[in-house]
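Below: one structure, written as C-alpha cells.
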Amino acid sequence: MKKFFNVLGQLVGFLVILLFAFELAHDMFNFDFQGVDMILDIFNTIKIYLVYVLAGLAGLELVSGKKVLGFIYFLILAFVIIATFFQDILPNF
C-alpha cells in the first residue's frame, strides 16, 4: 500500500507543479484569450484540492501499516479539510 501512495503522491505532485507553472506563466506573459479567467479560476480551485490530496497522500504513506495512527491521521486530515472548505460549520461545535 505504501508503494501505491508513493506513486499517487508523485502524480499529484507533478500536477500541482504544472498548475503552478501555468499560473506563473500567465502572470509573466499575460495570456489573453477568451475564457482564460474562467480556466484560471478552475485551475486555482483544483490546485487547492490537489495540495490537500498531496499532503494527505504523503501522510498516509507515512502511517501505512499502522492502523491506529493511520485512523488518527485520517481524522485530523478530515477535520482540516472540513474546517477549510466549510468555515460556517466551525462555530457550531
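A short reminder: the numbers here are calculations on the coordinates, not readings from a lab. Computed from a predicted model, the values in this text were never measured in an experiment. Neighbour counts are summed over all protein chains in view; Cβ atoms, including those assigned to glycine, are modelled from backbone coordinates with ideal geometry.
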Candidate values [x] 2, 12, 17, 17, 16, 13, 11, 7, 3, 1, 0; [y] 2, 11, 19, 20, 14, 11, 7, 5, 4, 3, 2, 0; [z] 2, 13, 24, 27, 19, 10, 4, 0, label of the one derived for P(r) over Cα pairs in 5 Å bins from 0, in percent: [x]
Relative contact order (percent, whole number), the chain, Cα cutoff 8 Å, 6+ residue spacing: 38
Footprinting exposure proxy for Leu40, Leu69 (fewest neighbouring C-beta atoms within 10 Å first): Leu69, Leu40
In nm, spacing of pseudo-spin labels at Asp27 and Ile89 (7 Å Cα→C-beta vector): 3.1
Residue order, fewest to most surrounding Cβ atoms within 10 angstrom, among Lys2, Lys67: Lys67, Lys2
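Kindly put Tyr49, Tyr73 in sequence by how many other C-beta atoms sit within 10 Å of each C-beta, fewest to most.
Details: Tyr49 13, Tyr73 16.
Fewest-to-most Cβ neighbours within 10 Å comes out as Tyr49, Tyr73.
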Computed label-point distance, nm, for sites Lys67 and Gln10 using a 7 Å Cα→Cβ extension: 3.0
